[in-house]
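Report on one structure; see the data block that follows.
The values are calculated or read from the model by the stated rules, or taken from the named source; none is laboratory data. Predicted model only: the values in this text are computed from it and were never measured. Note: ideal-geometry Cβ built from the backbone for every residue, glycine included; neighbour counts use all protein chains shown.
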Amino acid sequence: MRRPPILSRNLLFALFIATSAVFAANPAGSHVKLAGHSFSVEIARTEAARDRGLMYRTHLTSDHGMLFIYHDAQLRYFWMKHTLIPLDILFFDAQRRLINVSADTPPCKTDSCQTYASAAPAKYVLELKAGVAEKLGIKADDRFTIR
């Protein structure tokens, strides 16, 4: 009877890193509650996940989004290069209080894309389908919770 092949240490390490990256970007069951509404979110904690964001997505439902979590609060700048759908970009401070919203931010299909900035230092950024913030009446100083 043949023994099954043994995976090399390098291959196991590569599988571990790949799996870790997936869970860092999208832990199962993450939800943000904001203005009385719950959103299922992908969480972008790593630099690679934050760099990719919602690029190349062709669809986003009104109850889904992406939450970017940074280690510190500072001015944040976002652009829409390779983002195919319009988004609301919500900037939050370290206390999870809404600073400002870039509403109905258009996709960018050129190499020189406009940037959209937080009005004050932000530690969290939430991207939602365009129009959701206005439809739900989300306003400055609203706070979110993560579950």
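Some observations on this one:
- Where a residue in the stretch 29-48 is of a type in the set (Ser, Thr, Tyr) and its partner, wherever it lies, is surrounded by 12 or more Cβ atoms within 10 Å (Cβ to Cβ), with Cβ under 6 Å and at least six apart: SER30/VAL41; SER30/ILE43; SER38/HIS31; SER40/HIS31; SER40/HIS64; THR46/ALA24
- Search result, residues across the stretch 99-126 that are in contact (Cβ under 8 Å) with a residue 60 or more places away in the chain and touching an Asp or Glu at 6+ places or on another chain (Cβ under 7 Å): none
- Residues located in the stretch 72-97, provided they are farther than 23 Å from LYS33 by Cβ, assigned to a strand (DSSP E or B) and not aromatic (Phe, Trp, Tyr): ASP72, GLN74, LYS81
- Qualifying positions in the stretch 46-71 - surrounded by fewer than 17 Cβ atoms within 10 Å (Cβ to Cβ) and in a loop (DSSP other than H, G, I, E, B): THR46, MET55, TYR56, ARG57, THR58, HIS59, THR61, SER62, ASP63
- In this entry, THR145 is excluded by the filter for residues that are surrounded by fewer than 17 Cβ atoms within 10 Å (Cβ to Cβ), under 18 Å from SER30 (Cα atoms) and out of contact with any strand residue (DSSP E or B) (no Cβ under 9 Å at 6 or more places or on another chain).
- Enumeration of residues in the stretch 47-68 that are farther than 19 Å from GLU134 by Cα and in contact with a Lys or Arg (Cβ under 7 Å, 6 or more places away or on another chain): PHE68
- Conditions (1) within 16 Å of VAL32 (Cβ to Cβ); (2) among the hydrophobic types (A, V, I, L, M, F, W, C); (3) in a strand (DSSP E or B); (4) over 15 Å from the mean Cα position of the chain (by Cα): number failed by ALA103: (1)
- Test: residue in the stretch 30-41 that is on the phi < 0 side of the Ramachandran plot, of a type in the set (Lys, Arg) and either modelled with pLDDT of 95 or more or assigned to a helix (DSSP H, G or I) (or both): yes
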